[in-house]
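The structure appears below as structure tokens.
Since every read-out is calculated from the coordinates, none of them should be taken as a lab result. The structure presented is a predicted model; accordingly, all values stated were derived computationally and were not measured. All Cβ positions, glycine included, derive from the backbone under ideal geometry; neighbour counts span all protein chains shown.
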Amino acid sequence: MEHLQPAMLEVADLYCRRDDRSLFSGLSFGLRPGQVLLLEGSNGSGKTTLLRILCGFREADGGEIYWSGRPAAESSYFADMAYVGHADGTKKELTVLENLRFALALSQPGQYGIDQALQKVQLSGYDDNPVQSLSAGQKRRLSLARLLITRNILWILDEPFTSLDKQGMELIETLMDDHAKNGGMVILTSHHDLTFPHLSLQRIHLDSCL
Amino acid sequence: MSLIQAFFAIVRRDLLLAFRRRAEMANPLFFFVLVVTLFPLAVGAQPNLLQAMAPGVIWVSALLAALLSLDGLFRSDFDDGSLEQLLLSPHPLSVLVLGKIFAHWLVTGLPLLLVAPLLALFLGLPGQAMPTLWVTLILATPLLSLIGAIGVALTVGLRRGGMILSLLVLPLYVPVLIFASGAVDRAASGLPVSAQINILLAMLLLALVLTPLPTAAALKMSVN
């Protein structure tokens with residue numbers, strides 16, 4: 001039944017070139033609320049580039065992105081999306097709490113409060129620790145906490161599983177599952193072969209999009 | 001949250017960051033004091049010569065200190081991904097950038113303002129030129145931060161942008177230097193300075209309105 005619902009995010013005929021080499025072309029997909037999209041591909045296949053195009057950091061060499069039926073630039077797309085990239089986007093000299101408060105000040109408050117979000121990513125008790133004293137996996141979970149405290153519909157996650165242990169990976173899976181169940185959408189990349197038993201997943205292989 | 005709140009959140013965060021790495025932040029001020037104090041030692045005990053050179057020495061040192069501090073404006077944000085998050089904020093980037101520039105001025109420009117009269121006294125600048133020195137510093141140090149921000153935003157994505165940054169920004173700093181040190185010079189000889197002050201004020205107001213936009217555009221290009 002949900003297939004009758006129009007796609008909220010629609011990518012039409014996207015084309016990207018880098019140094020005279022075509023990274024991908026004719027890439028089209030749609031994403032409906034509640035769906036999770038996994039981008040797969042070998043190193044250098046353009047996964048990160050595609051995400052950066054979706055974030056508006058980079059312009060595509062061709063094609064369009066539509067959000068609720070309108071071109072992304074003319075819609076509320078950039079207010080509705082959140083991005084966690086290779087760099088965590090947190091300040092290492094500031095404490096966990098100061099970082100999250102700042103993230104909140106730049107955006108609209110979301111579903112969870114800061115305390116709740118820290119509990120969800122299993123960082124409660126670290127409120128006043130400077131971020132540089134956290135481990136790599138904890139930093140990653142902190143940047144995910146940012147997704148929970150701000151208002152957003154579409155999560156764009158670039159390799160969210162780097163430096164996470166098995167428990168951490170399960171945690172992200174749960175968070176994505178909750179987000180999808182609440183009508184959110186997730187686009188993520190990974191070069192691992194991932195299986196999520198609880199998630200219904202769309203997959204795109206970028207190697208086959210030439 | 002509202003735009004005003006976002007603006008002050010940025011200012012507060014950058015001030016807090018500056019406080020946490022105060023050793024690094026004190027560098028430009030230290031440089032300023034060092035250069036000005038070395039001049040009398042190198043030139044020798046010639047009070048008249050020092051007095052005549054004072055406006056120029058203070059202003060050149062202030063300008064180089066500002067140049068030295070510029071790279072820190074967006075560097076750490078670029079390196080740790082905070083800049084990407086700023087770009088994704090629903091608030092207009094130019095206003096957020098203005099917040100960063102304001103915080104940068106509070107950390108690097110304001111201290112110069114406080115020590116400069118002391119150093120001017122040290123060089124024997126006549127007391128009648130002191131208010132003018134202050135006014136030119138108040139008007140022109142924010143101007144240096146604003147103009148410099150465009151250059152930093154353009155070069156932050158380059159691995160070794162330091163040299164290009166100086167080449168880009170120094171020519172734009174020259175008019176500021178000419179009018180500011182010229183005003184102090186004239187004040188020292190008891191001449192009216194309102195023309196220079198007015199021009200500096202006009203440049204500051206123009207820069208306040210015009211520089212955040214190209215800075216924001218250049219930052220968008222740099223994260224590409």
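Here are a few things to note about the model shown:
- Scanning the range B:21-33 for residues that are surrounded by 12 or more Cβ atoms within 10 Å (Cβ to Cβ) and outside any loop (DSSP other than H, G, I, E, B) yields B:GLU24, B:MET25, B:ASN27, B:PRO28, B:LEU29, B:PHE30, B:PHE31, B:PHE32, B:VAL33.
- Comparison of B:GLN85, B:GLN128 shows that the only residue that is crowded, with 23+ Cβ neighbours inside 10 Å and either out of contact with any His (no Cβ under 8 Å at 6 or more places or on another chain) or in contact (Cβ under 8 Å) with a residue 60 or more places away in the chain (or both) is B:GLN85.
- Filter result (over 14 Å from the mean Cα position of the chain (by Cα) and of a type outside the set (Gly, Ala, Ser)) within the range B:85-113: B:GLN85, B:LEU86, B:LEU87, B:LEU88, B:PRO90, B:HIS91, B:PRO92, B:LEU93, B:VAL95, B:LEU96, B:VAL97
- Residue in the range B:111-122 that is farthest from the other protein chains (Cβ to nearest Cβ), counting only those that are touching a residue at least 12 places away in the same chain (Cβ under 8 Å) and surrounded by fewer than 21 Cβ atoms within 10 Å (Cβ to Cβ): B:PHE122
- Considered as a group, the residues in the range A:105-115 that are assigned to a helix (DSSP H, G or I) and more than 12 Å from B:LEU3 (Cα to Cα) include one that is nearest to the other protein chains (Cβ to nearest Cβ), and that residue is A:ILE114.
- Of all residues in the range A:90-100, those that are surrounded by fewer than 22 Cβ atoms within 10 Å (Cβ to Cβ), more than 8 Å from chain B (Cβ to nearest Cβ) and either in a helix (DSSP H, G or I) or of a type in the set (Gly, Ala, Ser) (or both) total 1.
- Condition check for B:LEU64 on (1) buried (at least 19 other Cβ atoms within 10 Å of the Cβ); (2) part of a helix (DSSP H, G or I): one failure, at (1).
- Qualifying residue in the range B:6-19 (condition: within 23 Å of B:MET163 (Cα to Cα) and among the aliphatic types (A, V, I, L, M)): no
- The residues of the range B:4-53 that are away from chain A (no Cβ under 14 Å) and β-branched (Val, Ile, Thr), listed by number, are B:VAL33, B:VAL35, B:VAL36, B:THR37, B:VAL43.
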